[in-house]
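The values are calculated or read from the model by the stated rules, or taken from the named source; none is laboratory data. Bear in mind that the values here come from a model prediction, so they are computed numbers and not experimental data. Note that we place each Cβ from the backbone using ideal geometry, even for glycine, and neighbour counts take in every protein chain shown. Only protein heavy atoms, including side chains, enter the accessible area calculation; ligands, DNA and RNA are left aside. Shrake-Rupley method; radii C 1.70, N 1.55, O 1.52, S 1.80 Å.
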Amino acid sequence: MDTANLTAAWLSFAATAVGLGGLITQASAINDQLDPYHATRTAEYLGIWIQRQPGFPFWRITKPPPEGPVINARMADGFCGVNAVHITRIPIIKPGKAGWSIILAMFNHDRPALMPDPGVHTIDVAEKGARPTSTDSARSLLARSSAASASASWIHLDRKPLKRHQTHACIVISRTTLITMLAATNGRPVFQYSDATGFRAGYASYCGQWYITWPIGQEAIVKFAAHDSIGATEVLPRSFAQRVDKCGQIVSGVVSSPASGFAVGFCGRKNAGVYVLEHAVRGFQGAHSGRHLYNMMGGKAYTVDFLYARAAVDAVVEDTTDLVLELPSKEGIKGAKVRMLVPPREEDVLRQALDCLPWTSLSWSMHRGMRDILTTYGRAVMDTHRPALAALLQRTVAENPDVFRARGWDPEFIRENMGHMAASAILAGAGNSGDSVRVVADIVSAYVGDWDVARLDEVTFWRRPDVKEIKELDAQAVVALTKLFVLEWSQEFDYQLYHHLPINLFFG
């Protein structure tokens, strides 16, 4: 009897163990059924947005999806209603794994307080991770940390339930928002495939890597990953201002000046051949160039003039007295060139466009037709002044180290590298380094002193009748040539990318 009872007890224990083991092995699947978002409902994935989730009764078996921010960005409205955003390459608050949380930790609605106080030459503990050595420094660190968190909080944004896509908890954005964010972060294509399996593309940017995937029959998803190679070695100021409206104009191929009422759009890159550049008043609405993207971003194409290329015959080049520009061809074949004839009236438009280029701290993701025409037109004058401009930038850094320290630059970098780096960039004639553009632009900003953005946006250098004979560089010349330098270092961007994308995309 004792043996029978003992056997039954052991059999009962074994059955219970097997049952519990089965439940344990199925726990993950059961959890997925009860809460599909349980793996993404964490601070590791949502970052600061874990603190902004609505409460729900503990007795509810099923949980509502977590909520994420509503992100809208376009030229007419800015990024989430803010036109001048302050962008950092290192998130100033700890983001989650979700790409949208990383972007919101890099795009700041206010200037982040991440720079040490002017004149203080100690290591910034907020940036270097050191421990404060006094009560005052601890209070300073706390104040800076609070200000930094506030600048990237975006707490005022509307929130909506996240959408689950594979293993990601996503917000939904429009293709206009995606293109605007790509332009604001100086995105450039690394790869792009469109075939029977769907569409895939990767974009490198100043802030990180963008990936777009749209398999056939499925939803399109966008992912973003911050750089993994930027950290304690960063010597630049942590943030720079970026104007969303100007990014939208440049990527659409439009230069405008509200002060003078000037607005002109540029034609795209052409096949090899001979063309005549012609100015059409209010002609941008009928253009095949960046007109549709400009309208998608909230612009009014019918208010913009247009420079279009009318095909001509080769013989015209031999007899013309007009300026002839040799431009890259659309085919990209070595030796294939576009010869663009520029009559005097159109040359005046090009001069005003160069004078009205918007000021920026970073190179553009830009319309390649506009870049071709303006850089080719201005290159002869730019080449004449490169040595003088390079020397002026070096001299400005050497004579004003405290000014640049106050602007957030690393002291050793100012002493040893900044001036040389700027001069090398100017003399190079072209490149793709956003850091080099930031160095040059900040030196020129310090050189002109109290000039506001409107004054930087429009100068009169190129419209001077003696522009080709100028020997000495004044402030107007320095600003104008710097804006052309930025074009030389800018990235080509496909303004018709929207053709490959659905109206809305998941951002995970």
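List of remarks:
- At most 13 other Cβ within 10 Å, DSSP loop - GluC sites (Glu not before Pro), segment 269-345: E331
- Stokes-Einstein diffusion coefficient of segment 225-279, Kirkwood radius over Cα pairs, 20 °C, 1.002 mPa s, in µm²/s: 137
- Efficiency of FRET from Cβ geometry, A311 and K471, R₀ 35 Å, rounded to 0.05: 0.30
- Heavy-atom surface of segment 394-508, accessible at 1.4 Å and reported per residue (Å²): 43
- Segment 179-305, relative contact order in percent, only Cα pairs under 8 angstrom and at least six apart counted: 16
- Span from the segment 352-428 Cα centroid across to the segment 51-90 one, whole angstrom: 37
- Evaluated at q = 0.20 Å⁻¹: base-10 log I(q)/I(0), Debye formula over Cα of segment 416-508: -1.02
- Lys, Arg +1 and Asp, Glu -1 on Cβ, resulting dipole of segment 151-210 about Cα centre, debye, nearest 20: 160
- More than 17 angstrom apart: percent of Cα pairs within segment 154-248: 63
- Close amide H pairs (under 5 Å, H built 1.01 Å from N) link C170 with K163, R164, H165, residues at least 5 positions away or on another chain.
- Cα shape, segment 184-293, gyration tensor, a/c 1.5 rule: oblate
- Gyration tensor over the Cα atoms of segment 385-453: the corresponding equivalent ellipsoid has semi-axes (square roots of 5 times the eigenvalues, largest first) of 18, 14, 12 Å.
- Global geometry of segment 320-405, whether rounded, prolate or oblate, following the gyration tensor of its Cα atoms and the 1.5 cut on a/c: prolate
- For segment 332-451, relative contact order (Cα pairs under 8 Å, six or more residues apart, normalised by length) works out to 29 percent.
- Cα-Cα separations in segment 404-443 greater than 16 Å, expressed as whole percent: 28
- Atom-type composition of the exposed protein surface of segment 274-373 places 49 percent of the accessible area on carbon and sulfur (1.4 angstrom probe).
- Diagonalising the gyration tensor over the Cα atoms of segment 264-310 and scaling each eigenvalue by 5 before taking the square root yields semi-axes of 20, 12, 6 Å, largest first.
- A73 long-range amide H proximity, modeled H, under 5 Å: C80, T177
- 15 Å tail of the calculated P(r), segment 249-343, as % of Cα pairs: 62
- Coordinate range along principal axes, alpha carbons of segment 315-472, Å, largest first: 59, 35, 26
- Peptides 356-365, 432-441 ranked from most to least packed give 356-365, 432-441, packing being the mean of other C-beta atoms within 10 angstrom over each peptide's residues.
- Calculated translational diffusion coefficient of segment 71-110 (10 °C, 1.306 mPa s; Stokes-Einstein with Kirkwood radius over alpha-carbon pairs) equals 151 µm²/s.
- Average Cα contact separation per residue, segment 198-272, under 8 Å, 6 or more apart, as relative contact order %: 16
- Annotation: segment 298-359 has a Kirkwood hydrodynamic radius of 14.1 angstrom, from the mean reciprocal C-alpha pair distance.
- Accessible area of segment 184-239 divided out per residue, in Å², using a probe of 1.4 angstrom: 47
- Applying a threshold of 30 Å to the alpha-carbon distances of K337/K471; K160/K223; K330/K471 flags K337/K471; K330/K471 as lying beyond it.
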